[in-house]
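Working notes, structure below.
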Amino acid sequence: MALLAAVSSNPVPNRVLPEHLPRLCVPVAAAQAGEMIALAERAARSNSFLEFRLDHLSQPAAGLPKLREFLAARPELIALATCRKKQSGGYFRGSVEAECAILAKAAQAGCQWVDLSLESAERAGMAALKQLRARASLMISYHDYGATRHLAAVERRLRSLPADIYKGVWQAKRLEDNVKVLRWGADLPAPRVAFCMGEAGQPSRILALQAGSPFTYAAAMEGAETAEGQFDVAALQRIYRIEEINRATRVYGVTGHPVAHSLSPLMLNTAFRRASVNAVYVPLPARHAEEALALAAELPLGGFSITLPYKTALLRALDGVDALARQVGAINTVVRSAGKFYGYNTDVAGILGPLENRTALERKKVLVLGAGGAARAAVFGLRSRGADVHICNRTPARARQLARAAGAKTILRRELAKTDFDILVHATPVGLFPKVRQSPLATEEIRAGIVFDLVYNPLETELLRRARQRGAQVITGLEMFVAQGAEQFEIWTGKPAPRQEMYHAVLSELQSR
């Protein structure tokens with residue numbers, strides 16, 4: 001490799017040890033060098049560790065002079081160069097020798113770190129790896145874009161190659177894959193960066209730092225992600241407090257499907273920060289209800305929230321359920337204690353609180369739309385206050401079943417336009433982001449003095465907009481969302497919840513959208 005040998009004769013630049021790397025690495029990728037540098041300029045305003053994906057350039061070698069100029073003007077930056085070949089998940093079509101030569105030139109241009117794929121490292125040989133490490137710190141990486149598999153074999157292959165960091169990234173198919181990857185590589189001879197790709201792999205992108213990874217990756221901004229499941233820098237810093245995560249950090253989360261748009265992480269992490277609790281709350285997207293329990297048993301989680309559609313499905317899988325949750329037949333909160341899992345329902349308090357702040361509930365005539373977990377909390381809670389509850393559901397049989405269990409009544413959809421109520425509680429997902437123009441009822445069917453929509457995103461749903469037109473007093477789902485979240489926080493921590501801070505954090509986010 002003559003070209004590589006030629007550029008490796010210069011003195012070794014200042015090295016940055018793995019333990020001194022910033023906790024976030026921001027990838028920069030573009031087809032043209034000028035565009036890549038423009039993106040880097042923007043990313044560098046708030047980030048000191050950038051990855052330059054040279055394989056995205058139409059002519060990687062031709063972009064190096066601009067990279068050199070940029071890094072010379074930014075001596076405070078730490079730069080990682082990557083030129084991944086197509087068979088390793090990148091875009092570079094040249095030979096392994098050409099890949100190594102470009103990385104060596106990138107080091108000469110000022111990059112303190114270079115990333116070489118495991119496949120290329122094995123083909124390049126020890127002499128080429130030694131030459132690369134003479135120019136920059138070397139990370140050898142492995143990516144599986146299909147599944148989480150062959151972890152032990154990959155570790156054996158990496159162990160035979162000299163590197164300053166080993167990196168393993170796998171596509172997660174289920175939540176349990178996060179555990180496998182977070183535990184992977186602990187015995188490698190150098191630090192390892194390990195996490196999962198994909199929606200199911202999101203927890204590992206945050207918890208990698210707790211598991212010993214020197215850093216994790218984050219997009220410069222929302223919409224600039226270079227891999228599926230990647231968070232943006234602002235989210236990791238502002239919501240997840242990524243710089244503060246350590247091995248003592250307690251882990252909580254929200255499980256359901258989908259959870260990508262949930263504001264529970266923003267709300268609960270705000271509460272942890274305000275109350276000085278060393279904890280982080282992460283999304284736990286699960287295709288099946290039992291996935292969260294399997295993950296919780298392995299991490300372990302201190303507890304988790306349950307959202308649609310698993311509030312009833314997990315009831316029988318727990319070691320214990322409190323009396324209210326058992327009566328309701330739905331849970332939204334799980335606590336881990338002494339290795340066992342206990343379920344609670346804070347939705348009831350989240351529904352009754354906002355209503356009782358406005359009116360007495362005894363003998364009020366109430367319409368509840370829905371028959372799922374949130375509807376069950378509303379029905380049983382309202383009945384406990386002596387309200388006259390009527391249930392309407394698109395599947396009348398489910399409404400009748402719930403009515404029998406709670407001592408309530410049912411009403412058919414065709415009767416709503418001619419029936420008056422004191423209160424209407426909407427407890428279905430209709431109108432939830434992104435389907436914000438949907439309403440469970442036509443305007444003429446809204447015949448109640450108070451309309452409470454448990455959907456909190458968007459802040460004003462189509463149902464509430466129509467209710468205002470009818471002159472009704474409206475209650476947004478944000479009030480219920482914060483009230484039930486505050487109850488969860490207090491169950492988990494034993495501390496009073498900072499309700500005002502939680503409310504304003506979510507309100508600000510919804511208003512900004």
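The values are calculated or read from the model by the stated rules, or taken from the named source; none is laboratory data. Only a predicted model underlies this, so the values are computations on that prediction, with no experimental measurement involved. In this analysis, Cβ positions are derived from the backbone assuming ideal geometry, glycine residues included, and neighbour counts consider all displayed protein chains.
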* To do: Please tell me if Arg336 is basic (Lys, Arg), touching a strand residue (DSSP E or B) at 6+ places or on another chain (Cβ under 6 Å) and outside the structural domain of Glu199 (by TED's automatic domain parsing).
  => yes
* Structure fact -> Among the residues of the range 375-390, the number that are surrounded by 15 or more Cβ atoms within 10 Å (Cβ to Cβ) and touching a Lys or Arg at 6+ places or on another chain (Cβ under 7 Å) is 4
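Confirm whether Leu361 is in a loop (DSSP other than H, G, I, E, B), crowded, with 17+ Cβ neighbours inside 10 Å and either of a type in the set (D, E, K, R) or at pLDDT 95 or above (or both).
The answer is yes for Leu361.
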* Asked: Going through the range 97-117 one residue at a time, which ones are surrounded by fewer than 20 Cβ atoms within 10 Å (Cβ to Cβ) and of a type outside the set (D, E, K, R)?
  -> Ala98, Gln108
* Determine which member of the set Lys409, Lys418, Lys435 is at pLDDT below 95, charged (D, E, K, R) and surrounded by fewer than 23 Cβ atoms within 10 Å (Cβ to Cβ). => Lys435
* Among residues of the range 466-495, those that are without any contact (Cβ under 8 Å) to a residue 24 or more places away in the chain and of a type outside the set (Asp, Glu), counted -> 4
* For the range 388-395, indicate whether the set of residues that are out of contact with any Pro (no Cβ under 6 Å at 6 or more places or on another chain), part of a helix (DSSP H, G or I) and not assigned by TED's automatic domain parsing to the domain that holds Pro309 is non-empty. => no
* To do: Those residues that are touching a residue at least 12 places away in the same chain (Cβ under 8 Å) and exposed (fewer than 15 other Cβ atoms within 10 Å of the Cβ), I need them from the range 393-404; list them, please.
  => Arg394, Thr395
* **Residue list for the range 148-174, restricted to those being touching a Ser or Thr at 6+ places or on another chain (Cβ under 8 Å) and surrounded by 18 or more Cβ atoms within 10 Å (Cβ to Cβ)** => Asp164, Ile165, Tyr166, Lys167, Gly168, Val169, Trp170, Gln171, Ala172
* Structure fact -> Among (1) touching a residue at least 60 places away in the same chain (Cβ under 8 Å); (2) part of a strand (DSSP E or B), Leu209 falls short only on (2)
* To do: Taking Arg174 as meeting all but one of (1) outside any loop (DSSP other than H, G, I, E, B); (2) in contact (Cβ under 8 Å) with a residue 60 or more places away in the chain; (3) in contact with an Asp or Glu (Cβ under 8 Å, 6 or more places away or on another chain), write down the number of the exception.
  => (1)
* Qualifying residues in the range 440-476 (those that are among the polar types (S, T, N, Q) and closer than 23 Å to Val348 by Cα) - the one surrounded by the most Cβ atoms within 10 Å (Cβ to Cβ) -> Thr461
* Among the residues listed as Ala296, Ala313, Ala271, the single one being over 21 Å from Phe231 (Cβ atoms), assigned to a helix (DSSP H, G or I) and of a type outside the set (S, T, N, Q) -> Ala296
* Asked: Name the pairs whose Cβ atoms lie under 6 Å apart, with the first residue in the range 406-425 and in the same structural domain as Phe452 (by TED's automatic domain parsing) and of a type in the set (S, T, N, Q), the second surrounded by 13 or more Cβ atoms within 10 Å (Cβ to Cβ) and not in a loop (DSSP other than H, G, I, E, B), and 6 or more positions between them or separate chains?
  -> Thr410/Ile391; Thr410/Ala399; Thr410/Arg400; Thr410/Ala403
* Structure fact -> By residue number, the members of the range 295-316 that are under 22 Å from Ala338 (Cα atoms) and crowded, with 16+ Cβ neighbours inside 10 Å are Leu295, Ala296, Leu299, Leu301, Gly302, Gly303, Phe304, Ser305, Ile306, Leu314, Leu315
* With respect to the numbered conditions (1) in contact (Cβ under 8 Å) with a residue 60 or more places away in the chain; (2) crowded, with 22+ Cβ neighbours inside 10 Å; (3) under 30 Å from Leu209 (Cβ atoms); (4) out of contact with any helix residue (DSSP H, G or I) (no Cβ under 6 Å at 6 or more places or on another chain), which one is the sole condition not fulfilled by Val282? -> (4)
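Can you tell me which residue among Val368, Val379 is touching a strand residue (DSSP E or B) at 6+ places or on another chain (Cβ under 6 Å), assigned to a strand (DSSP E or B) and not assigned by TED's automatic domain parsing to the domain that holds Gly256?
Going through Val368, Val379 in turn, the sole match is Val368.
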* Kindly indicate whether any position in the range 275-292 is under 18 Å from the mean Cα position of the chain (by Cα) and part of a helix (DSSP H, G or I). => yes
* Structure fact -> Taking the range 212-229 and keeping residues modelled with pLDDT of 95 or more and part of a loop (DSSP other than H, G, I, E, B) leaves Ser213, Pro214, Phe215, Ala218
